[in-house]
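Let me give you the structure first, and then I'll get to my questions.
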Amino acid sequence: MTVVRFPAEQLRTRQDSWQMPELQQFIAVSACSIADGKASGWEIGTTEQGDPQVYLIGPAPAYECILCISRMGRRYVIEDGRGQVILEHDSPAMLAEQAIAALRRRKMLVVTQIALAWHALREAFEEKTEAMAEESLEILAHIAPQLAVLV
Amino acid sequence: MPIATAEPEAKQLRKQAGTWLKELRGRAGLSQVDLAQALGLKYYTFISQVENGFGRVPTDSLEGWARALGVDPREFTRELLSYYEPELHRLLFGGKK
């Protein structure tokens, strides 16, 4: 298998760290998981290559990462705490489509995580890009009933 | 506030494990990308997750990590157990590393 590398010019197209609006959205979204005890908090970090990561931390006593979102160049990669890639895409809107595909496969555990992560990304992007927000909201309207049935 | 500021023991030990793993990788002359490649991972982000102390090396890939890092799988697992499951390590090995 070939590990995906990102060329320097691609890395330069975006900020190398999380932007405040993105983090504010992660905080807002993770607050729901924290309130119901599924998570205890979140932390940020970077890879050796400087890609920003945000970790959703599980409850006590282990406080292990239950979800990790990385931004590599233009690509978002969402993994669980075992390194399994849940979603990956350049576009939050396309992430939503992958979430729908996962829903169809009925991966219940993953679905909740996907919903959380995708929502965080969508919210973060809405801060910046109105056009994308419209697209995201359209997809949200499509995905919400399916989530409501399963979660 | 959601930011996890406390440093409970489990978290501290996992960070120590991450530091140890990073040292091992450095000694093996591997980048995170190299190690991910050796482990058959698509991205190197999980290596970072583990080395930063937020995730664990999964049990089913302990041997793969050990071999990729050029260390004995049994010793590797024993050492990691002292960080990840210190009580189990104490019961099994009497606190010896």
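Results for (1) modelled with pLDDT of 75 or more; (2) surrounded by 14 or more Cβ atoms within 10 Å (Cβ to Cβ), shown as yes or no for each residue.
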position	(1), (2)
A:PRO7	no, no
A:ARG14	no, yes
A:PHE26	no, yes
A:GLN53	yes, yes
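Being assigned to a loop (DSSP other than H, G, I, E, B), modelled with pLDDT under 90 and buried (at least 19 other Cβ atoms within 10 Å of the Cβ) is the filter; apply it to the range A:59-82 and report the residue that is nearest to the other protein chains (Cβ to nearest Cβ).
Looking at the filtered set, the residue picked out is A:GLY81.
The values are calculated or read from the model by the stated rules, or taken from the named source; none is laboratory data. Since the structure is predicted, the reported quantities are computational estimates derived from the model, not experimental observations. Backbone-built Cβ (ideal geometry, glycine too); neighbour counts: all protein chains shown.
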